[in-house]
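Participant: Pasting in a structure now, in structure tokens, and then I'll have a few things to ask.
The values are calculated or read from the model by the stated rules, or taken from the named source; none is laboratory data. Please read these numbers as outputs of a predicted model, since none were measured by experiment. Quick reminder, even Gly has a Cβ in these numbers, built from the backbone with ideal geometry, and neighbours come from all protein chains shown.
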Amino acid sequence: MKLRIAVITILCIGLFCSFQVVGNGVYAQAKKAPAAKSVAMQKITVLNPMGTPPPVTLISQAPRLDKLDGKTIYLINTGFIGTDRVMAVMSDWFKANYPKTNIVIKGSGGGVAALSKDLWTEISEKGDAAIVGLGH
């Protein structure tokens, strides 16, 4: 038990007392190194890795549809785990609650970035709305 207390005490003292190594000598933090052994530090230039972000242009959301009857809604599955089942349940819900609505299910297994430009063009030309399953 005494050994354990001694080891803990030594470790605590070591945490609170730091030493500065200058040249070949070791000096306590409270003492300054003699002028003869001081080492001139080289000046370095550091660049900010954050950079300057470009200004953000806000784009307003599409206007809300006044009704869903007769509209075409695309359900886009991006391949996130479980979104295939969610899209199937949403499709069943739309068919039960809005039978006059046309539901089109499309998808890819590579996320939103893997969706083709042709698909986005098809949605903009033929669709009235899109629901994209992004995951969490």
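Participant: Do we find that Ala6 is surrounded by fewer than 10 Cβ atoms within 10 Å (Cβ to Cβ), at pLDDT 60 or above and not β-branched (Val, Ile, Thr) in this structure?
Facilitator: Taking the combined requirement at face value, the residue does not satisfy it.
Participant: Something else: How about the range 37-70: which of its residues are surrounded by 10 or more Cβ atoms within 10 Å (Cβ to Cβ) and of a type in the set (Ser, Thr, Tyr)?
Facilitator: Result: Ser38, single match.
Participant: OK, next. Pairs please, first residue from the range 90-119 and touching a residue at least 12 places away in the same chain (Cβ under 8 Å), second anywhere and aromatic (Phe, Trp, Tyr) and part of a helix (DSSP H, G or I), Cβ atoms under 8 Å, 6+ apart in sequence or on different chains.
Facilitator: Close Cβ pairs (under 8 Å, with a partner that is aromatic (Phe, Trp, Tyr) and part of a helix (DSSP H, G or I)) amount to Thr101/Phe94; Ile103/Phe94.
Participant: Turning to a different aspect of this structure: Considering only residues of the range 82-109 that are aliphatic (A, V, I, L, M) and surrounded by 14 or more Cβ atoms within 10 Å (Cβ to Cβ), which is farthest from Lys67 (Cα to Cα)?
Facilitator: Per the criteria, the residue is Val86.
Participant: Somewhere in the range 57-71, is a residue more than 18 Å from Ala129 (Cα to Cα) and either outside any helix (DSSP H, G or I) or of a type in the set (S, T, N, Q) (or both)?
Facilitator: yes
Participant: Something else: I need the full set of residues from the range 110-123 which are more than 15 Å from Leu75 (Cβ to Cβ) and surrounded by 10 or more Cβ atoms within 10 Å (Cβ to Cβ), in order please.
Facilitator: Of everything in the range 110-123, those that are more than 15 Å from Leu75 (Cβ to Cβ) and surrounded by 10 or more Cβ atoms within 10 Å (Cβ to Cβ) turn out to be Gly110, Gly111, Ala114, Ser116, Thr121.
Participant: Those residues that are in contact with a strand residue (DSSP E or B) (Cβ under 9 Å, 6 or more places away or on another chain) and either outside any loop (DSSP other than H, G, I, E, B) or among the hydroxyl-bearing types (Ser, Thr, Tyr) (or both), I need them from the range 96-119; list them, please.
Facilitator: Selection gives Tyr98, Thr101, Asn102, Ile103, Val104, Ile105, Lys106, Gly107, Ser108, Val112, Leu119.
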